[in-house]
Each structure stands twice: as structure tokens, then as C-alpha cells.
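Written out below as C-alpha cells is the structure these notes cover.
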Amino acid sequence: SSDMDDLAKQACRTIRVAIDALTNSEYPRCRNQSMVALAMLSLLKGHPQASDRVAAALDGLKRMMEGKTAELVQDLLKALSSYHTSELERLFFRLHKLVKQLREPFPRILERLPILHTGLFQHVISKVGSLDDVIQKFHLQKVKQSVQTLRDFGHVLVSIWPVYAESVSDASQSDHSFQQLKAICSQYFSGRAFGLYGPHYAALEIGPNASKKDVERAGRLRSRECHPDKHLGQGAPGQSFDDSEQKQVNNAKSALGDPQARQAYQQALKGLFSSRLREIPHKMQDAVEIRLTAGDYGAARSILGATRDLQLISALVEPALDIGFWTSKIEQTAKQHLDELCNDIWTFWSNRELKQLHSCLERLQRVDSTFSGHSNIYSPGCNRRIREEVRASIDTEAEKLSQKICKMAADGEDRLRMYQIAEGLLWLGSIQDELALFKDFAASSISHLLAQCQDELGPKFIFRIGLLLGQGAIGESDADGDICAERKRVGLAMLESFRQFKDNLTQIFNQQTSTQRNIENVLEGVKTQKVAAGGQTSEEMTSVDPLREGFLAYEARYEEWLKLFKVGGLQLEAVKKEVEGIAAKARPLSVHRWTAEFRHELPKILAGIAAYFTMSKAGNIASAAGVDGGDADILPRPHTIQILAILILFGYNSSDASLARQLVQIRTGEGKSMILGMSSLLFALLGFRVHCICY
């Protein structure tokens, strides 16, 4: 029992020595003393009091060991985040020694390592990703900084990291970050020189730029640390000295004493990520082409400006980049694209592809504002010159049309030439419609040409041109031989844009409302509601017979006047005089005394107002256009719904002796302006003062 107490005391003294060694970072000594203490503890089995004392002391050493490991890991992560490479190397060497020496007696220290592996992996992948990002954006100053940081950190990953990784590989099989970091290092930080000389730099604990003297000094220091005499009496009883570390140091001194070996290693470090740097000029050239094609001219200009910084990365690769060659090549790519843009403008103009031409002209305008100061890739004033040439081409087209108009005026009517003039006007209308930059210019040319047609060929010719445009009878054909819908749309737009075609618009309106002329169709859709004082509504039977009778009376008188007008037998003054006479017979009239005699005369007064409207708006266009008695589509005329609405408003189908609270609802586009205008005239003819409000 006395011997066991003495052994326990000796074991505790040994543990205290191990603690001192750990405090002084003497990890081999700490390991040896710890192994001795563990051997003593095994001898104390069966002696609880003695073994408990030793076990408690060993637990304290274990906790201290785990705390020391955790502290080293945190210091490493701090050095990593602060980019302190030399401090990172120093701490990594210490951690490697600690783990290598103490993992056997204290395997739980390995549980502290995954957090370091995660931090290292995230750091490396972040730095590689950051490099890719700044390369993608061509921030070459940041590219230089990123590469230098990765190369500085690369020494850790190709020297001490592989040695450390090998020592903990068996315990890190399930550590995902550890395995990912190994894969990243294999992908980005591998090479023959690293495999040959990296472990030697780790063995001597020296930096990548160490000289021969640094190698010799580190070799002497590490040899003393590993010398057997330094470890006398530290091993367990009967344990022989492990000289493997001493051999590694000797091999490292021998290998790195060769300047060619050190140079090969340093060149390999300097070559990290060189392939990516050499790709940058190619990427810049491709990116300029892509940005220009996409119309992102600001980005293209930024890339061209970044070529000035190619010298920053040229110093990081061997052999150096030919900056002049690449700058010229990238600029030539941009110049070729911009030249093609100018050529495309004339190609699209020749092929009459106006949408594509409009896009090119807009892009050229942006090119002009973006690259006006880059005369080596873009000719100053190119945009202005091309716009002047396009205007000159429009002038040329207009002049050709003017000559055809003069020729037709001199030679007489020519159907082919009329079609050619119409097609020429449609082409100018397409320019006005699709080329915003030349809209006003083209419109002015069309106006002058239409005025010339009016003066030299007369309104009949204008009307026939309008017919061709409105009917979509001219223009390019599609695959089925039909006129393109786009050209039909442009033709209709021209009718609305130029006052010379107002009679054609009238014809189109009359044709579109032809389904509304049939009195029976319209009467079927009339509904009547009675609205009480409280707002309640109720359906009422519509009295359609009086409406039919009134409309037919209106229509008969209107057509009589129209027929006389078309043959030249009626003047506006005659219509005016007759309508005023009919209205005078109904006066004086009050809304409280709405007589049956007036209702009987109402269709005739409406017919007179409508006829006066048609005649005053039509002028002599009917006879000029050759309209016969069976076709009055070109004449502006009220349609059925408008006349019926007025008859209802004025109580024609009502038997009430007064006129009050009449309300008519019509759909959008059915002519409220005509209804309000004719109603205002009707009230005025009857002696009322009229206020008309129209939204």
C-alpha cells in the first residue's frame, strides 16, 4: 500500500511536468510525460484511493489539453479572417505539432478540429468565388489583390496543410468540410513542385520566400528540437526514441538547400491561378461582343476602359501578357461590331425592313452618346451623317413621287402610275409610322405630295388614293399572296393622319355602321325603363311603331334632298330656308305644351338638319369622285341609332303633352356628338336658348 501511494505521488508529479510542458508548447515532452502518467495509472488498478487521485489529475490535464486545442483553433480562425498569413503559418505549425504529439493520449482533442476545417473551407471557397466574381466584372485591380491573397494563403495549403491533413485523415472521414477542403486543394492548389517540396517547407517551418541561409538556420533549430539528447528520460520505460521527425528535417535541409528546388516551388506558387488570368483578355473580347450585341453599350465601354488595367495582371503571369496586342484585338472587335451596325442600317433600308432599321437607328444613337470620345472604334459624327443620308433618301423617294404626279397631270389618267404613287405614299407612311426619328420629316413630305395631288390631279384622285390605302389594296404581299396586315394598318393610319383623306374616313365610318342602318335591327335592341322618384326602375313596353314611322318619314325626306344635291339641283340655302319655315310654324313651343302637330313635323326638320350637315361637309366631293345615285358611302351622314335617339329624346313615340325627364343611353362609338349637335340645332330652331355639355 505504501508503494502504491508513492507511485501515485510520482504520477501526479509527472502530470504536473506534462502541464508545464503544455504551457510552454513543448508538445513532445508533454506527450511523453502524459504517456508515463497513463502507464502509472494502469499500475494502480485495484487501489482506488491512489488511482482516483491520479485520474483526477489526468482529467485536469485533459481539460487543459482540450482548452489549449480550442484556443489554438480560435487563434487560427482570427488569423484567417485578418489575412495575417505569417501568423496563420505559425499557428498552424503549432496546431499540427499538438495534434501529432497528443492525439494518442488525448484523442478527444480531435473533436475540436471540425470547426477549423469548416472555417478554412469557407475561407478558400469564398476567396476563389470572389476571384471569379471580379474576373467576371473585369475589376482587374481587385483581381490582382485576390490572386495575391490566394497565392499567399496557398503556401499554407501546399505545405503544412497536406502534412496536417494526413495526420488527422483517419479521424476526419465523416467531416464534410475536411473532405471538401481536400477536394478544393486538389483542384486549385496542386502541382508536382508542391508535392515534392511542400512537406519540406512544413518540416522546417519556413515561409515560401526563404533563402538558403533561412533554410540552414531553420534546419539547425529544428534539428536541436528533434535531437535525441533533448528527449532523454522523457519516454515511457522501455520505449525507444522515434527519430522519424529528425529524418524529415534532415531531408528537408538537403532538398531545400538546392536553389533550383526553392525556385521551382516559388515559381509554382506564383503560377497559381495563372491560367485564369491568361483567360481574362479572351473573356474581355467575348464580353465586349456580347454586350454590344445586347445593346448594353455602357457595359461594353467599361470593359474597353478596363483594358488599361491589363498591365496589373500581366505582372502576375509568366511570360507576361502582350498588352498592346490584346488591347488592339479587343478594340478591333468593338469597331467591327459598330461598323456592322452601320452597314445593317443600309441593308435594312434597301430591304425596306423598317422595324429592324428603327432598332438599328436607336442603337446607333446610343452608340453615338456612349462612344463619342472613342475615335479608335467609332467614327465621330457617324450617327449625324447617317441620319442626314436617310433624310436625303426620303427626299429622293418624295421627289420621284412628285415627278410621277407631274407626269400623270401632263399625260392624263394612268392606273399603273396611280398605283405607283399610292405605293410610294404608303412607303413614306410606313417610314412615318415606324421610324420615330423621321416621323415629322416623312409626314411633311406626305403632306406636300398630297397638296400637289390636290392641286394638279384634283380631289377625285386623292379619294381614289385613299380608297387604295383604306382597302389595303397595295403594299407587300405575304406568303399567301395577301397584302400584309401591317401595311393595311399603316394605310388606315394615314387616312386618319392627313386631312386630305377625310372623305375616305367618312366612307369607312358609313361602311362600318352599315349594320346599324336597318331600322328593324335597331328597333329590336331598344329597351325602355321607367325610373320612379325613389330610384326604382321597371321595364316598360317600347312603343316602336311610332319610331318606325318617324324614321321612315325622316329617311324619305333626307334621301329626296340628297338626290337633288348629287345631281346639282339643290343648294344649302334652299335647305336652310325650308327647315326654318317648318320650325317657325311650330313656334311658340314650350316643354309644357309639346304638341302633336310639332311631333308630326319633327322627322322633316331632322331630315333638313341632317341634309344640311351632309351637304356642308361633302362639298362637291360626291360628283368629283363619280358617286352615282346608288352609292353614297363617301357622304357623311347620321346613322339610324342617332336619328332614333333624337326621336325618343323629343318624345316622338310618347303621347304626353309635355317634354320632361327624357334620357337615352347609347353605346360608346354610336355618335353622341352627332346627337347632341342635332338636338342643339333643333332646340334653337324652335326658339329655345341652348346650353350643351358634352364629355
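The values are calculated or read from the model by the stated rules, or taken from the named source; none is laboratory data. Worth saying up front: this structure is predicted, and the values here are computed from it rather than measured. Cβ atoms come from the backbone with ideal geometry, glycine included; neighbour counts cover every protein chain shown. Side chains included, ligands, DNA and RNA excluded: accessible areas come from the protein's heavy atoms. Shrake-Rupley method; radii C 1.70, N 1.55, O 1.52, S 1.80 Å.
Some notes on this structure:
- Members of the range 558-573 found to be modelled with pLDDT of 90 or more and open to solvent by 50 Å² or more (accessible area, probe 1.4 Å), listed by number: Glu559, Glu560, Glu573
- Qualifying residues in the range 72-93 (those that are open to solvent by 80 Å² or more (accessible area, probe 1.4 Å) and not in a helix (DSSP H, G or I)) - the one modelled with the highest pLDDT: His84
- Among residues of the range 415-459, those that are under 32 Å from the mean Cα position of the chain (by Cα) and polar (S, T, N, Q), counted: 2
- Candidates are the residues of the range 514-545 that are surrounded by 15 or more Cβ atoms within 10 Å (Cβ to Cβ) and in a helix (DSSP H, G or I); the one that is farthest from the chain's Cα centre (by Cα) is Val544.
- Filtering Ile303, Ile313 for residues that are within 26 Å of the chain's Cα centre (by Cα) and surrounded by 13 or more Cβ atoms within 10 Å (Cβ to Cβ) leaves a single hit, Ile303.
- Filtering Val158, Val143, Val147 for residues that are closer than 30 Å to Pro107 by Cα and either open to solvent by less than 60 Å² (accessible area, probe 1.4 Å) or β-branched (Val, Ile, Thr) (or both) leaves a single hit, Val158.
- Within the range 261-270, the set of residues being open to solvent by 20 Å² or more (accessible area, probe 1.4 Å) and touching a residue at least 60 places away in the same chain (Cβ under 8 Å) comprises Arg262, Ala264, Gln267, Ala268, Lys270.
- Scanning the range 363-412 for residues that are open to solvent by 70 Å² or more (accessible area, probe 1.4 Å) and touching a residue at least 40 places away in the same chain (Cβ under 8 Å), we see that the one that is farthest from the chain's Cα centre (by Cα) is Asp395.
- Residues that are open to solvent by 30 Å² or more (accessible area, probe 1.4 Å) and closer than 13 Å to Ser86 by Cβ, drawn from the range 195-213: Glu205, Asn209
- Total residues in the range 23-65 satisfying the condition of being assigned to a helix (DSSP H, G or I), touching a residue at least 60 places away in the same chain (Cβ under 8 Å) and open to solvent by less than 60 Å² (accessible area, probe 1.4 Å): the figure is 11.
- Here the condition is being open to solvent by less than 60 Å² (accessible area, probe 1.4 Å) and closer than 19 Å to Leu354 by Cβ; of Leu468, Leu492, Leu435, it holds for Leu435 alone.
- Residue within the range 389-398 that is among the hydrophobic types (A, V, I, L, M, F, W, C), modelled with pLDDT under 90 and farther than 21 Å from Phe498 by Cα present: no
- For the range 468-499, the candidate set comprises residues that are touching a residue at least 12 places away in the same chain (Cβ under 8 Å) and of a type in the set (Val, Ile, Thr); within that set, the residue that is farthest from Gly429 (Cα to Cα) is Ile474.
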